[in-house]
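The values are calculated or read from the model by the stated rules, or taken from the named source; none is laboratory data. Owing to the predicted nature of the structure, the values given are computational and were not obtained by experimental measurement. Here the Cβ positions follow ideal geometry from the backbone for every residue, glycine too, while neighbour counts run over all protein chains shown.
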Amino acid sequence: MAGSSRWASSAADKAEEARRKLEKEEKKKAKLEKQRKLEEAEELRQNEAAAARDTAAGIGSNGDEEASGRPAKRRRLSTDNNATSDEASQRPRKLLRFAAPGWGPCRSVDNYEPLNRIEEGSYGLVSRGRELATGDIVALKKLKMDNLADGFPITALREIQTLRASAGQTHIVALREVVLGTDPINDVYLVMDFLEHDLKTLQEEMSEPFLPSEVKTLLLQLVSAMDFLHERWILHRDLKTSNILMNNRGQLKIADFGMARYVSEPPPKNLTQLVVTLWYRAPELLLGAEQYDDKIDMWSVGCIFGELLKKEPLFMGKNEVDELSKIFTLCGPPTLHSWPTFRRLPNARHIQFPPTPPNLTPTEVKSMTTPSPLPLRTHFPLLTNSGTALLSALLSLDPLTRPSASEVLKHPYFEEIPRPKHTSMFPTFPSKGAMERRRRWSPNAPVRGEAVDFGKEVDGGKVDFAGIFGGNSEAGGAGFALRMG
Ligand SMILES: Nc1ncnc2c1ncn2[C@@H]1O[C@H](COP(=O)(O)OP(=O)(O)OP(=O)(O)O)[C@@H](O)[C@H]1O
Ligand SMILES: [Mg+2]
């Protein structure tokens, strides 16, 4: 309106405003109506497609809803308008059925035909078998029932519990069922999907280590399984290459949950110290930590990462002390700077470090307590800077500075060239699991009651460090010394 302020209101403005509002509301209504019609049409289409699928699968016509593993669809039970009440009473009535999980007896091991033995470990004997009904090839792990007088072994219960909790995770071996032999107390078998290889046996057979792009793919798969477990408060506690399976499509799956268990935050106080096979055991466990968390698994992941690159285990210690010595040689000895709390661990009092010379400036003291850079470069000359950073982070002595599984998944190492190789491009290898096999020696998972206290007397003497430190009661290792008794 010429001459009037654009903020001024008038009757014409108000009418125009009311008209626009009405128009807007009508448009909104039309839109909602259109959406409703679309949804109805989609629902109808889905129902028709599902009905056609059911007819094709023979479900519903023979009352086989449960066998399909899918809950039965809702059916109209009342008579329709056109049917007479007589017709309705003659028509067979069907009950609604829903598949619900429940308790049931275990099937017999006789449903499987034994093929060959794969391996005997600390907690079970693993064989390859075939399911008679389906012809599926499976792995059967006969659980060891030592000390049955104490009841059904807790390790077996935890293995079943944690494997079931991991069902569906692509990188954790699938537990199909638990079956029983003739003696239902002693003969308990876990039936799992069969995988052609374990990484330990496979690496022993390979002439060259995995390529960097293959290492990345394997590590990513391993860490994604660990992320899944740790997110759900499950610690594996025995990660090692022999417990990591691989199929001929380059897919990796973690197995052997014999030491796995649920934990909490803060960690439970009664955790077993003697966990994880020696070569993959974190320094805090070796130093007697009574509380620990997911970072013990991440240490093992670091050991496996190094092993995949080198094609041999990183720290092949003969005993706990030798293991620590090998760790400190590669990672540098712990210092108050790199691991402020290590001196509080029970076994740390048996380790003597060089005394701090008097009259040093704080900067000089700090440089003394800072470990020398990891000599990882010399051990892994082909590893990129980013790969070295990831490996040294995983091999941090202090569990607090070790990355979690979810942090590792985001590491730039996986973004670098060469990118992780697609699993479909992995080479195939002849399976050793399909024949009798014997591995080179390597330590087994720890067994209860084996824990070593460095200060404890053995056979009337002291724990023998002579093999490593030259037989002296105090001898130098990687910049540190072990004191007897
Ligand atoms: N699902 C499977 N498919 C193929 N091979 C398997 C499977 N599960 C286990 N194995 C083989 O059997 C070996 C022993 O299995 P597992 O580690 O579960 O038993 P264990 O008695 O707990 O072993 P250990 O004490 O040596 O760690 C594995 O290293 C692997 O070679
Ligand atoms: Mg094992």
Just a yes or no: is a residue in the stretch 263-273 within 16 Å of ligand 2 (Cβ to nearest atom), farther than 15 Å from L395 by Cα, among the hydrophobic types (A, V, I, L, M, F, W, C) and part of a loop (DSSP other than H, G, I, E, B)? no
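So that you can scan it fast, the table gives a plain yes or no per residue for (1) surrounded by fewer than 24 Cβ atoms within 10 Å (Cβ to Cβ); (2) farther than 29 Å from L211 by Cα:
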{"position": "L239", "(1), (2)": "no, no"}
{"position": "M259", "(1), (2)": "no, yes"}
{"position": "S264", "(1), (2)": "yes, yes"}
{"position": "K269", "(1), (2)": "yes, yes"}
{"position": "T272", "(1), (2)": "yes, yes"}
{"position": "D297", "(1), (2)": "no, no"}
{"position": "G306", "(1), (2)": "yes, no"}
{"position": "K310", "(1), (2)": "yes, no"}
Tally up the residues in the stretch 217-256 that are part of a loop (DSSP other than H, G, I, E, B), within 16 Å of ligand 1 (Cβ to nearest atom) and within 11 Å of the chain's Cα centre (by Cα), please. 6
(1) within 12 Å of ligand 1 (Cβ to nearest atom); (2) exposed (fewer than 14 other Cβ atoms within 10 Å of the Cβ); (3) charged (D, E, K, R) all hold for R176 apart from (2)
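Only one of K269, K216, K310, K318 is charged (D, E, K, R), in the same structural domain as T341 (by TED's automatic domain parsing) and touching an Asp or Glu at 6+ places or on another chain (Cβ under 8 Å). Can you tell me which?
On the way: K216 fails: touching an Asp or Glu at 6+ places or on another chain (Cβ under 8 Å); K310 fails: touching an Asp or Glu at 6+ places or on another chain (Cβ under 8 Å); K318 fails: touching an Asp or Glu at 6+ places or on another chain (Cβ under 8 Å).
One residue alone meets the criteria, K269.
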Taking the stretch 235-249 and the residues there that are among the charged types (D, E, K, R) and more than 10 Å from ligand 2 (Cβ to nearest atom), the one that is farthest from N444 (Cα to Cα) would be R249
If we keep just the residues of the stretch 179-200 that are acidic (D, E) and assigned to a strand (DSSP E or B), which is surrounded by the fewest Cβ atoms within 10 Å (Cβ to Cβ)? D193
Sort out which residues of the stretch 121-163 are surrounded by fewer than 18 Cβ atoms within 10 Å (Cβ to Cβ), among the β-branched types (V, I, T) and within 16 Å of ligand 2 (Cβ to nearest atom), and write them in order of number. I160
With F194, F210 as the choices, which residue is of a type in the set (F, W, Y) and out of contact with any Asp or Glu (no Cβ under 9 Å at 6 or more places or on another chain)? F210
Checking R344 against (1) modelled with pLDDT under 95; (2) crowded, with 22+ Cβ neighbours inside 10 Å: exactly one of these is not met. Which one? (2)
